[in-house]
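Everything on this sheet refers to the single structure shown next.
Throughout, read-outs are computed from the coordinates displayed, never taken from laboratory work. Remember, it's a predicted structure, so these values are computed and weren't measured experimentally. Heads up, the Cβs are rebuilt from the backbone with ideal geometry, glycines too, and the neighbour counts pull from every protein chain shown.
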Amino acid sequence: MSLTLSIAPLRSVMAVLALAGALSLGACTRYSEGTNLTCPRAVMLAGTERQTRFAPGTGRSDADVVAVIELDNIQYSCQVSTRRALAGVTFDVKGVRRDAGVVADIDVPYFVAVTDVNGAVVNKQTFTTRLHFLPGVATVTMREQIEETMPLAAGQKAVGYEIVVGIQLTREELDYNLARR
């Protein structure tokens with residue numbers, strides 16, 4: 001099975017995407033997380049929707065936090081035919097930093113994976129978005145958009161797929177998140 005995964009950050013093509021979205025609304029259905037009718041479901045992987053960045057060194061207390069990044073507001077739309085499912089997934093990448101006095105960029109690696117009806121990963125790719133903070137700005141939110149094309153064999157249903165999104169964390173970062181649940 002081959003899958004096609006492409007990404008276009010909205011910040012660089014907002015006008016084109018707005019026009020394309022307006023033209024295609026009649027052919028798409030938009031759902032929020034958890035709705036699963038005939039489309040593949042889009043979800044955030046529990047434990048990977050947040051990343052806490054600490055100052056250099058070994059300190060891991062609240063005083064050592066320099067930024068917190070979160071994924072939120074996942075939405076998706078899809079078109080299903082007998083041969084393929086085309087799913088569009090959008091979500092927010094929000095960063096909050098402690099020191100808003102200087103210009104700063106925070107690169108946020110995130111992944112998009114597709115799983116089949118058995119939960120097996122059939123495709124996974126990692127992307128990076130950059131949060132650009134201007135002086136005096138403590139919070140920045142970027143809207144990311146992914147498009148998934150999933151070929152369907154005869155009789156196969158798109159509803160069996162799941163599109164999973166999360167921040168690409170280190171083992172230490174994941175353990176930190178899971179300990180705070």
(message) Could you work out how much longer the chain between residue 172 and residue 122 gets when fully extended? Use 0.36 nm per residue separation minus the Cα distance between them, nm to one decimal.
(response) 15.4 nm
(message) With the crude spin-label approximation of a point 7 Å out along Cα→Cβ, what separation in nm comes out for residue 58 versus residue 141?
(response) 3.9 nm
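With a Förster radius of 30 Å, plug the Cβ-Cβ distance of residue 149 and residue 92 into 1/(1 + (r/R0)^6) and report the FRET value to the nearest 0.05. Walk me through the numbers before you get to the answer.
Numbers: r = 23 Å, r/R0 = 0.78.
Efficiency at R0 = 30 Å is approximately 0.80.
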(message) Expected output is a single nm value to one decimal: the length gained when fully extending between residue 66 and residue 180, i.e. 0.36 nm times separation in residues minus the C-alpha distance. What is it?
(response) 39.3 nm
